[in-house]
Structures are given as structure tokens and as C-alpha cells.
Amino acid sequence: MTPSLTLHTRATPAGVVIELVGDLDHDTVGDFRAALPGLGLRAGQQLVLDLGGLTFCDSSGITVLIAARNHALAADAGIALAAVPDRVSRVFRIVGLDQVFPTHPTARDAETTWRPTTG
């Protein structure tokens with residue numbers, strides 16, 4: 001069986017939410033990376049990555065999450081992770097990414113607590 005990743009993207013008043021479902025690994029990061037330029041993030045918005053459906057994340061997955069962060073920052077937008085599975089959260093703590101990405105229990109929490117930045 002081939003690993004798969006499904007991306008569900010939706011626009012919100014705060015920005016864009018991407019729900020990732022499946023494996024975020026060497027075989028699937030290309031789809032996620034390819035989706036980044038078309039997100040239409042604007043300055044002051046937020047990109048929320050909902051990881052609740054993530055079943056696996058390897059070093060390639062971590063690299064593309066950092067690329068997503070860089071993409072958001074280049075657009076003068078913020079980024080947050082939501083619903084990070086325990087197994088992924090543990091790895092993030094080990095490598096220090098818990099200090100890089102704000103996290104929220106749900107995407108809805110990330111949306112409702114976002115405060116837009118002003119120029």
C-alpha cells in the first residue's frame with residue numbers, strides 16, 4: 001500500500017487552515033510543498049496547520065513544516081499548529097520545534113485566538 005497524504009484547505013477570516021490527513025513523509029511532502037504558493041496568504045493573516053489527522057511525520061515532514069513557516073513569514077503572516085498528535089509533539093519537543101511553532105488544541109482555537117498583526 002502506498003502512503004498517502006490528503007490536504008483539505010479552507011479560508012477563514014483569520015487566514016488559511018490546512019488539514020493534513022495521512023503520512024507526512026518523503027513520499028508525500030511534494031504535494032504539501034506544491035500547495036504553499038497558491039494559498040493566497042496576506043499580511044496579518046495566519047496559516048493554521050491542523051495535524052489532527054496526521055498518522056506519521058518523518059524528517060522530510062518536519063522540513064516541509066518549516067518551509068510552510070518560512071512561506072507564512074515571507075507573506076508577513078503568522079503560523080500555528082493545531083491538534084498535534086502526541087507522537088509528533090514528542091518529536092517536536094526533542095528537536096526544539098515546540099519553541100518555533102505556536103500550538104493549539106484545535107484549529108478552531110487557533111482561529112479564534114489569532115490577533116492580526118498591524119503594519
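Please treat every number below as a calculation from the coordinates, not as lab data. In this text the structure is predicted, and so the values were computed from the model without any measurement. Backbone-built Cβ (ideal geometry, glycine too); neighbour counts: all protein chains shown.
Numerical summary
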read-out	value
Count of the stretch 80-119 residues which are in contact (Cβ under 8 Å) with a residue 12 or more places away in the chain, assigned to a loop (DSSP other than H, G, I, E, B) and farther than 14 Å from Gln45 by Cβ	8
Sole residue being closer than 21 Å to Ala14 by Cα and in contact with a Lys or Arg (Cβ under 9 Å, 6 or more places away or on another chain), chosen from Ala110, Ala72, Ala77	Ala77
Residue in the stretch 12-26 that is among the charged types (D, E, K, R) and in a strand (DSSP E or B) present	yes
